[in-house]
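Asker: I'd like to ask you about the structure that follows.
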Amino acid sequence: MDILLLIRDFASIALMAVGVIFVLAGAIGVVRLPDFYTRMHAAGVTDTLGAEMIVLALMLQAGFTLLSAKLLLVGFILFLTSPTATHAVANAAHRAGLNPLLSRHQPPHPRDAESGEKP
Amino acid sequence: MIYGVSLSLVLALLWWVLSGYDKITLLAFGAVSVVIAMVLVLRMRILDRETVPFMRLHTLIPYYIWLGSEIAKANMAVVKASLKPEIDITPRLVRVPVKADSDLARCVFANSITLTPGTVTVEIEEDAFLVHALDASFTAPEGFAEMNLYSARATDGDAK
C-alpha cells in the first residue's frame, strides 16, 4: 500500500516538474521571440501542455475524490477556452492592421553582437 | 427533447460535482436551479446540437485524445525553436482550405489549429482560414488536411 502511494507521489512530482519546465520555456519564448504573433505561439505552450500537466499532477495528488472531478473540469475548461482567447487576441491584432513579421529571423549570437561584428 | 434531457442531466451533475452536498434540502435547491436554467435556455431557443454536443461524445473524445498527442508533438517543436541559443525562424501566414459541412465542424477545426502550439487561426473566411505559423516547418498542407478530415469526421461523421 505504501509503495503504491510512493509511486503515485513520484508520478505526480515528475508531471509537475515537467509542467513547470514547459511554463518556464513558454515564458522564455515570450521574451526571446521577435514580434507579437510569434510571441503568442510561445504563450500557447504555457496554457496547453504546461497548465494541463500541472492539473494532471494535482489530480494524482487528490486521488479518486470529488476534488479530482473539479480539477478535471478545470483542465477541460482550459482546453476549451484557451484557443478561443488566443484567436480573439490574434484576430483583434489582425483587424487593427498589425502586420506580422514574415522574413527569416536570425539574430546574431550575443557573443558576436558584443564585438560589434555583423554577420 | 433528447437535447433537453441530456442538458438537464449534465447541469445537475455539474451542480453536484461543484457543490458536493448530500443533504436533501440542498439537493432540492440544486434541482430548482437546474429547472430555472432550463427555462432560460428554452426561452432563448438555443437548444440544438451546437449548445449540447453530448450526442457526439463517442467520436469527440477519441478525436481530442488524438489531438492531445499532436499538441504534445507540436509543443516540443515550439519549445525547441524558442530555446535554441541562436533563434532561426521563418514565420508564415498561410491560407488553409476548409472542407466542413457545419459550423460546428469549422469551429472545432479552427480551435484545433489554435490549440496546437506554433499555429494560430487569425481570420475566418468563407471557405478558408488564415493561419499564422511560427516557422515554415509548421505549415505542411498534409497536416492541416489530416486535422480537417478527423475533426469533420468527429463532429459530422455518420450523421449522413
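Asker: Output the qualifying pairs, or none if there are none: Cβ atoms under 7 angstrom, residues six or more apart or on different chains, first residue in segment B:87-115 and more than 10 Å from chain A (Cβ to nearest Cβ) and in contact (Cβ under 8 Å) with a residue 24 or more places away in the chain, second residue buried (at least 16 other Cβ atoms within 10 Å of the Cβ) and among the acidic types (Asp, Glu).
Answerer: Cβ pairs passing all conditions: B:101/B:156; B:102/B:156; B:105/B:156.
Asker: Answer with yes or no whether residue B:83 is facing chain A (nearest Cβ under 9 Å), loosely packed, with under 14 Cβ neighbours inside 10 Å and at negative phi. Let's see the steps before the verdict.
Answerer: Details: facing chain A (nearest Cβ under 9 Å): yes; loosely packed, with under 14 Cβ neighbours inside 10 Å: no; at negative phi: yes.
Judged against the criteria, residue B:83 is not a match.
Asker: Residue A:72: in contact with a helix residue (DSSP H, G or I) (Cβ under 9 Å, 6 or more places away or on another chain), part of a helix (DSSP H, G or I) and aliphatic (A, V, I, L, M), yes or no? Before you say what the answer is, go through the steps one by one.
Answerer: Working: in contact with a helix residue (DSSP H, G or I) (Cβ under 9 Å, 6 or more places away or on another chain): yes; part of a helix (DSSP H, G or I): yes; aliphatic (A, V, I, L, M): yes.
It is true that residue A:72 is in contact with a helix residue (DSSP H, G or I) (Cβ under 9 Å, 6 or more places away or on another chain), part of a helix (DSSP H, G or I) and aliphatic (A, V, I, L, M).
Asker: Does at least one position in segment B:47-54 carry a residue that is crowded, with 17+ Cβ neighbours inside 10 Å, touching a Leu at 6+ places or on another chain (Cβ under 9 Å) and within 20 Å of residue B:131 (Cβ to Cβ)? Write out each step before concluding.
Answerer: Narrowing segment B:47-54 to residues crowded, with 17+ Cβ neighbours inside 10 Å: B:52.
Next, from what is left, pick out any that are touching a Leu at 6+ places or on another chain (Cβ under 9 Å): B:52.
After this cut, where a residue has to be within 20 Å of residue B:131 (Cβ to Cβ) as well, the list is none.
Within segment B:47-54, not a single residue is crowded, with 17+ Cβ neighbours inside 10 Å, touching a Leu at 6+ places or on another chain (Cβ under 9 Å) and within 20 Å of residue B:131 (Cβ to Cβ).
Asker: Return the pair list, or none, for Cβ contacts closer than 6 Å from residues in segment B:137-150 that are in contact (Cβ under 8 Å) with a residue 24 or more places away in the chain to residues that are surrounded by 16 or more Cβ atoms within 10 Å (Cβ to Cβ) and charged (D, E, K, R), at least 6 apart or on different chains.
Answerer: What qualifies is B:139/B:92.
Asker: How many of the residues in segment A:63-104 are more than 21 Å from the chain's Cα centre (by Cα), at the interface with chain B (Cβ under 7 Å from one of its Cβ atoms) and of a type in the set (A, V, I, L, M, F, W, C)?
Answerer: Count: 4.
Asker: Of these, B:96, B:108, which one is of a type outside the set (Phe, Trp, Tyr), over 13 Å from the mean Cα position of the chain (by Cα) and at pLDDT 85 or above? Please lay out each step first, then the result.
Answerer: On the way: B:108 fails: over 13 Å from the mean Cα position of the chain (by Cα).
That would be B:96, the only listed residue that is of a type outside the set (Phe, Trp, Tyr), over 13 Å from the mean Cα position of the chain (by Cα) and at pLDDT 85 or above.
Asker: Which of (1) in a loop (DSSP other than H, G, I, E, B); (2) under 18 Å from residue B:133 (Cα atoms) is the odd one out, the single condition residue A:86 does not satisfy?
Answerer: Failing condition for residue A:86: (1).
Asker: Can you tell me which of (1) without any contact (Cβ under 8 Å) to a residue 24 or more places away in the chain; (2) within 9 Å of chain A (Cβ to nearest Cβ); (3) of a type in the set (A, V, I, L, M, F, W, C) is the one residue B:71 doesn't meet?
Answerer: (1)
Asker: Let me ask something else. Does residue B:121 qualify as being in contact with a strand residue (DSSP E or B) (Cβ under 7 Å, 6 or more places away or on another chain), closer than 23 Å to residue A:101 by Cβ and outside any strand (DSSP E or B)?
Answerer: Numbers: in contact with a strand residue (DSSP E or B) (Cβ under 7 Å, 6 or more places away or on another chain): yes; closer than 23 Å to residue A:101 by Cβ: yes; outside any strand (DSSP E or B): no.
Against the criterion (in contact with a strand residue (DSSP E or B) (Cβ under 7 Å, 6 or more places away or on another chain), closer than 23 Å to residue A:101 by Cβ and outside any strand (DSSP E or B)), residue B:121 does not qualify.
Asker: May I pose another question? Kindly indicate whether residue B:53 is within 12 Å of chain A (Cβ to nearest Cβ) and at pLDDT below 85.
Answerer: Details: within 12 Å of chain A (Cβ to nearest Cβ): yes; at pLDDT below 85: yes.
So residue B:53 fits the description; yes.
The values are calculated or read from the model by the stated rules, or taken from the named source; none is laboratory data. Because the structure is a prediction, the values reported are computed rather than measured. Heads up, the Cβs are rebuilt from the backbone with ideal geometry, glycines too, and the neighbour counts pull from every protein chain shown.
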